[in-house]
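J.: Input: one structure, supplied below.
The values are calculated or read from the model by the stated rules, or taken from the named source; none is laboratory data. Just so we're clear, the structure is a prediction, and the values are computed from it rather than from any experiment. Cβ: placed from backbone, ideal geometry, glycine included. Neighbour counts: every protein chain shown. Surface areas here come from the heavy atoms of the whole protein model, side chains and all, with no ligands, DNA or RNA. Shrake-Rupley method; radii C 1.70, N 1.55, O 1.52, S 1.80 Å.
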Amino acid sequence: MKKSLKLIFLPLLTILLVACTNGQDKKENVETTVEETTTEVTTVETTVETTEETTEVATEDAVKINIYLHGEEEPIATAFVNDGAGKSVLEAMHETDLKFHFNEDEGVVEEIEGHENDYEDFNTWVYLLNGAYAELGVKSQILEAGDEISWYYGTQDEIPVNIIE
């Protein structure tokens with residue numbers, strides 16, 4: 001019986017030892033095939049500057065205001081007042097971003113966009129309403145939807161033909 005136990009145990013022991021060493025070989029194989037990977041991430045900061053630009057969108061009924069200087073055929077500035085109907089020329093001017101000064105005592109616009117009346121050379125501000133000389137002052141003239149105001153700086157006899165109808 002001892003002999004038969006040895007015959008049974010010996011092959012089992014051999015199988016067990018072979019199985020254990022195969023497991024270690026697989027473990028070593030796994031360890032040797034695993035590679036360490038390092039990933040480097042680079043962060044790039046980008047600064048973007050944006051300029052906010054305001055674009056005026058005029059409605060069909062808007063009052064349009066153009067500013068002309070002597071010797072210039074195109075306006076140096078243009079503004080729109082979408083709710084200008086029923087307002088005076090002066091009130092409409094206040095609704096824009098145009099820089100101007102109105103002299104209350106004399107009832108005249110003395111300066112627009114840095115150009116001041118020069119009475120010695122007769123260069124002053126005058127406005128036309130829808131291409132015609134205005135009949136009323138800036139406080140009295142009431143605007144209608146679609147009106148166009150053209151301010152001109154220079155002498156009255158030099159107003160360009162393109163702004164007079």
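J.: I need the fraction of alpha carbon pairs in region 64-157 separated by more than 20 Å, rounded to a whole percent.
T.: Considering region 64-157, 29 percent of its Cα-Cα pairs are separated by more than 20 Å.
J.: Percent of accessible area on region 64-157 owned by carbon and sulfur, 1.4 Å probe?
T.: Of all accessible area on region 64-157, carbon and sulfur atoms account for 42 percent.
J.: Which order do peptides 104-110, 62-68 fall in by mean Cβ count within 10 Å, highest first?
T.: My ranking of the peptides, most packed first, is 62-68, 104-110.
J.: Need one number: nm distance between label points at residue 144 and residue 58, each 7 Å from Cα along Cα→Cβ, rounded to one decimal.
T.: 1.7 nm
J.: Another question, if that's okay. Per residue, how large is the accessible surface of region 64-157? Use a 1.4 angstrom probe and give square angstrom.
T.: 56 Å²
J.: Shifting gears a bit: Run the simple label-point estimate for residue 121 and residue 157 please: 7 Å along Cα→C-beta, distance reported in nm.
T.: According to this spin-label approximation, the distance is 1.7 nm.
J.: In addition: Roughly how many nanometres apart are two label points built 7 Å out from the Cα toward the Cβ at residue 110 and residue 98?
T.: Going from the residue 110 label point to the residue 98 one covers 1.8 nm.
J.: Going by accessible area, probe 1.4 Å, with all protein chains left in place, what is the ranking of 102, 122, largest first?
T.: Sorted by accessible area, descending: 122, 102.
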